[in-house]
1. Could you run the Debye sum over the Cα atoms of segment B:53-103, one equal point scatterer each and no solvent, and tell me log10 of I(q)/I(0) at q = 0.14, 0.29 Å⁻¹, two decimals?
2. Given the DSSP H assignment, sum -39500 (n - 2.57) over each helix run of at least 4 residues in chain B and divide by its residue total; what's the result at 222 nm in deg cm²/dmol, nearest 500?
3. Fully extended, how many nm does the chain gain between residue A:22 and residue A:189 (0.36 nm per residue separation, minus their Cα-Cα distance)?
4. Could you tell me how far the Cα centroid of segment A:269-283 sits from the Cα centroid of segment A:18-62, in Å?
5. Cα axis of helix A:301-330 to longest principal axis of chain A: angle in degrees, 0 to 90, nearest 10?
6. How large is the convex hull of the Cα atoms of segment A:301-352 per residue, expressed in Å³ as a whole number?
7. Kindly provide the helix-only [θ] at 222 nm of chain A, computed as the sum of -39,500 (n - 2.57) over DSSP H runs of four or more divided by all residues, to the nearest 500 deg cm²/dmol?
8. Applying a 10 Å radius around every beta-carbon, put B:99-105, A:249-255, B:78-84 in order of their mean neighbour count, most first.
Amino acid sequence: MTASDATNPTPAQLLELARDPINLFVLVSLLAMLVAFLVAFSQVRFWGLILRNVWRNKARAALTIGSTVVCMGLMMLLLAFITVQNASVSSLRAYNRIVTMSSQGFGQVVPIKYVSDIETEFAEWIVAATPYSWYGGKLGEEQLPFAQFAVDPAKFVQIYTEYEIPEDQKQAWLNDPAGCLIGYKIAEDRGYKIGDTIPLVSDIYEFPLELTVRAIYRAPAATSQRVCFFHWNYLEEGLKTKAEGRNAGNAGVVVTKCREARAMPELCARIDGLNASSQYPTRTQTEEAFAAQFAEFLGDLPTIIRNIGMAVVFVLVCVAGNTMAMAIRERVVELSVMRALGFVRRQVFLLVLIESLALTLIGGVIGAIGTKLWLDWFDVSKYAGGFVAAFYVTWPTALAGLSVAFWVGLLSGVPAAARAASIPVVAGLRKVV
Amino acid sequence: MTGSDWAIELREVSKTYHRDQFEVPVLDRLNLEVEEGEFLALMGPSGSGKTTLLNLIAGLDFATEGEVIVHGQDLGVLSEDEITRWRGENVGFIFQTYNLVPVLTAFENVELPLLLTNLPRSRRRRNVATALKVVGLGDRMDHYPRQLSGGQEQRVSIARAIVTDPYLIVADEPTGDLDRHSAEEILDLLEILNREFEKTIVMVTHDPRAAERARRILRLDKGQLVGDDTRPSHDHDHDHGPREVALASSQVNGEERSS
C-alpha cells in the first residue's frame, strides 16, 4: 500500500468504514454540519448579533456551555475507555499467542511443568512458551505502582517480538537473575536508570524482590509501557528458601507463541486435552480472547455507556432547550420589532437556530476536542498501574462528540426557533404599536 | 398595486378580534384618505381603535373587511412574507418604549434594517452615520442603549426608522415615556422629517401638545372617526428650523434618563 493509497481510500474501503455505526453517524453529522455552516454563512451579516445574543445572559450561557462541556468530556472519557480496550485487545491478534490458564479462571494458577509439557509435546507447532506470573508487589507504601510479572526471559524475548529492547540491555537482563525489564514510561515516571534497584514486597508471595533495572523496552502504542518483567527462576529460588516454598512451582499462566495462526484453535484444544484428566485442568485460548475476558468483567460496558450517552444527550437537549426557550421568552418584543422592521419568519427562525447551534457547538468543541487534546497531553494511564496501555480519544471519537453537540443544538434550537418565528407581531409588540 | 392617488387610503375597513368565543369589533367600516407628506395625529381614549388603525396602516395586521391601500399597494392581497418585506422597504417604526436591541450599539441598531438590503458595508455605514447625525447623535454611535438617556434612545429609534428612507413613518406614543424637554426634541425631529424630508407620518398620541404638532388630527371613539381637524401648515409655536433642532439636540446629549 502506497502513501497515496492510505490517504485516498477506495470506495470499497469507504463503504467498509461507513458500515461502522459510529463512523456513519459522524459522516452524516459532518455533512449536516457542512450544510448548516453554509446556511449560517448566508447569514454572515447577522453573526455579530447572533454571538452577542449567545452571550447576552453570561451566567446562563456559561452554565449551558459548561454543562455541555462536562457532559461531552465525560462521554469522551467513557468512549475512550471502550476504544482503548478494543484497540488493546484487537492489537494482540497479530502475534499468534495463546494463553493457557486454569480452567477455574485466572485467579487460580497452573503448575510450571505445563510450560515444558507444551514445549515438548508441541515443539513443531510453537516458537516458545513462558510462565507468566503476577507478582503484585508494593513499592514502599505504594500499593500498585505498576504491574510486575515473572517470566522466562529467554523465552519472553522470542515470544514478545514487538518489544523493542536494545541488544546490550537484553543480554544484560538475560544474564542477571535479579535483573528486570521495565517499560520506558516507568523509567520516565520514576527516573529509573539502568543499574537502579527496585525493591518490591508482595502480599501473594513471601519472598520480597530486589530487582536491578537491566533493560528498558518500548512497545507499540496499544501495549502498556508500564510493566516490569523479571526472572521467574529468581522468584522460584527465593520462595524455596521461605516458608517451605509456599506458592512455589506455579507458572501463573503459560503464554505460548505459535508458528502459524491457523494452527491456534487446534493447539488450544490439544493443550487442554493433554491436561483434561490432570489435577489442574486448563483452558487455553488466544491472547486476544484472554484479554477480552478482562473487559467482560466490567459487564456489558458498551451498552451501559450507550445508555448513559443517551441519557446525557437527553439532559443536554433539555438544558439547551430550556436556555433557548428562556432566551426567546425574554426577547418576544425584540423579535417582534425585528419582524416589524422586515425580518421574515424564515430569517428569524435561522437566526435563533444558529444561536442555539453556536451555544452547543462552543460547548461541544471545548468538551470533545478539548478532552481529546487534554488526553493527548496528559498521560492518564500513569495512574492505572500498567493495566491501561494508553488512554486517548481518537479523532473519530472526538468528532462523534462534536456531532452529538451539533444534534443537541439542532434538537433544542428547532422548537425555540419555531416559536420565535411564529410570534404574532402585533401581540408581540403588545401595546408598543 | 392600485391606482390610488392618496398616500394612505382606507375603504370601509373593519377589524374584529376574536377573544376565545367572543368577537370584539374594534374598527367599524372606517374610511380615510391621507395625502402624501401629511403629518397625521390619531387621538382617542383607550380602546378607541387608534393603535389597531396604526397597525393596519403599517402592515402589521390585516383588516377583517375593507381595503387598506398604502403608497398604491393594497395590503390585503399580500402574503405574510410579502407584507413583511413591504414593511421593511416602506415603513419606519417609532415605538413608545424605543425597543432598541440592548446588545447592539446605537450604530448597530440603526444598521439593523439595512442588513436586510443588498447595500454594501461602506454604503450602510454612510447611511447609518447620516441618520444618526440627522437625529443629533453623531457622537454617540458606539454607545449601547443602556448608556443613553431616554430621549437619546428615542432618537436612535428615529434614526433606525428613517435609515431605509421609508415612504411612511408610524409612531405610537413616541413621547409617552419622555420628560417634557425630551418630548419636545422628538416632536421637533418628527416635524423636520415631515417638513424637510417630506415623510408621511402617522402618530398615535394621548398628548394634546404632541398632537398640535401634526397638520391633521383624527379623533377616534369606539372604532369610528369622530373628528378630523386639518390645520394650516407650519402655523404653530414650535416651528424650529432643522439647524435649530440639531443644535437643540446637541444640548440634551448629556441629560439623565427620563424613566
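No value in this document is a laboratory result; all are computed from the given coordinates. The structure displayed is predicted, hence computed values, not measured ones. With ideal geometry, Cβ positions are generated from the backbone for all residues, glycine too; neighbour counts draw on all protein chains shown.
1. Taken in order of the listed q values, log10 I(q)/I(0) reads -0.39, -1.20.
2. Numbers: 8 runs with 83 residues, N = 259.
The helix-only estimate for chain B comes to -9500 deg cm²/dmol at 222 nm.
3. On the way: separation 167, 0.36 × 167 = 60.12 nm, distance 3.51 nm.
Roughly 56.6 nm would be gained on extension.
4. Value for the Cα centre distance between the two parts: 60 Å.
5. 20
6. On the way: hull volume 3.4 nm³, N = 52.
Hull volume over Cα atoms, normalised by residue count, gives 65 Å³.
7. Details: 18 runs with 242 residues, N = 433.
Result for chain A, helices only: -18000 deg cm²/dmol.
8. Values: B:99-105: 20.0, A:249-255: 23.0, B:78-84: 15.4.
Ranking, from highest mean packing down: A:249-255, B:99-105, B:78-84.
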